[in-house]
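Asker: Have a look at this one before I ask anything.
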Amino acid sequence: MKVKYLSMFLLMGVLILTLSFSPLSNPVTAQQIRTPGASPETSTSLAAISTSVSPEAAAAAMGVESGDLISATFNGSASQGIGVGTTPLGAFFPTDGDTFLILSTGQAANAELANISGDLSTTLGGLNNSQGEDLVQLELTLQVPDNMTCAGFDFAFYSEEFPEYVGSSYNDAFTAELGGFNQTIIGNTITAPWNFAFDTEGNIISVNTVFIVTAETGTTYDGATPLLRAQTPVSPGSSIVIVLSVQDLGDSDYDSAAFIDNFMWSDDPECTSGALIISNFLFLPLIVK
């Protein structure tokens, strides 16, 4: 009898944890006022994340070869929101080499802090989106090698908004656009026709993504997507502009971030736009750094 009841309790616990990350759970209206705890003005991180980096250093951290880089800019983003990871962080990064890029709506250096607060928040200065909320960008102008037809990179999206604000107006998001920055925001919805980092249902990667979210992130954030790979077709020998953006929606509270690494070219004839979960059974084309 005791074994039977114990099994029932364990099953109930699993169901509760599963439902806690459902987009249908804990709906929050835009009218509610949030009172998050503030991040420290100066990060007390372990100094494994370098900040105040140049746009060129940020591009190199995510694996862009200097010979392919025509120009790079942060478009006026707050420097605190941009960091270069120099030691392993979370379950995945770096995915190639010794460094990776962090774009955050808060202090990027705080990404490695212990997850002891459910509401780590920093309102940044600098660039804002059309709602007036935090927006952090890296814009790259790249030269496509003559024989390459596809560009891609590895990334994961992290947020303090998980799980309590899933399905709410606080829909922080990450986008990767080919051709420039072209977005409109209505409510908690971003329309970005040039974005190629979308999920399997065509949605922007955000707090409301259809990808499974895990609570054990190995970072300061409360939830994260799996390791993803975004890619887009490109024309061989052309110059292209890619704009990577992470932004707050609804307000500038509760930090979110994207970790980005392993930028690559490939000659994959089947290259299509979108993001997929990287796993051992997923066929990946030969990549050329």
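Asker: With a 10 Å Cβ neighbour count serving as the proxy for reagent exposure, in which order, fewest first, do PHE263, PHE74, PHE174 appear? Can you show the working numbers first?
Answerer: Numbers: PHE263 24, PHE74 20, PHE174 29.
Lowest to highest Cβ neighbour count: PHE74, PHE263, PHE174.
Asker: A further question on this structure: Neighbouring Cβ atoms within 10 Å as the yardstick, rank ASP172, ASP253, ASP68 fewest first.
Answerer: Working: ASP172 31, ASP253 26, ASP68 19.
Going from least to most buried by this count: ASP68, ASP253, ASP172.
Asker: Okay, moving on. So what's the projected area for segment 168-289, the Cα convex hull averaged over all directions, in nm²? Walk me through the numbers on the way to the answer.
Answerer: On the way: hull surface 34.1 nm².
Dividing the Cα hull surface by four gives the mean projection, 8.5 nm².
Asker: If packing is taken as the average number of other Cβ atoms within 10 Å across a peptide's residues, how do 99-108, 130-139 rank, most packed first? Display every interim value, and only then the final one.
Answerer: On the way: 99-108: 28.2, 130-139: 21.4.
Highest-to-lowest ranking by the protection proxy: 99-108, 130-139.
Asker: Now, a different point. Could you please report the charge total around GLN131, scoring K, R as +1 and D, E as -1 over all other residues with beta-carbon less than 11 angstrom from its beta-carbon?
Answerer: Numbers: positive: none; negative: GLU133, ASP134, ASP248, ASP251.
Computed value for this residue: -4.
Asker: Under a plain spin-label model, where a point goes 7 Å from the Cα along Cα-to-Cβ, how far apart in nm are ASP146 and GLU216?
Answerer: In this crude spin-label approximation the distance works out to 5.0 nm.
Asker: Also, I was wondering about something else. Going by how many other Cβ atoms sit within 10 Å of their own, how do CYS150, CYS271 line up, fewest first? Can you show the working numbers first?
Answerer: On the way: CYS150 23, CYS271 17.
Placing the least packed residue first, the sequence is CYS271, CYS150.
Asker: So what's the gap between the Cα centers of segment 79-122 and segment 165-190, to the nearest angstrom?
Answerer: So the two Cα centres are separated by 21 Å.
Where a number appears in this text, it was derived from the coordinates with a stated rule and is not lab data. Note that the structure is a prediction, hence the values are computed from the model and not measured. Here the Cβ is made from the backbone with ideal geometry for all residues, glycine too, and neighbour counts use every protein chain on show.
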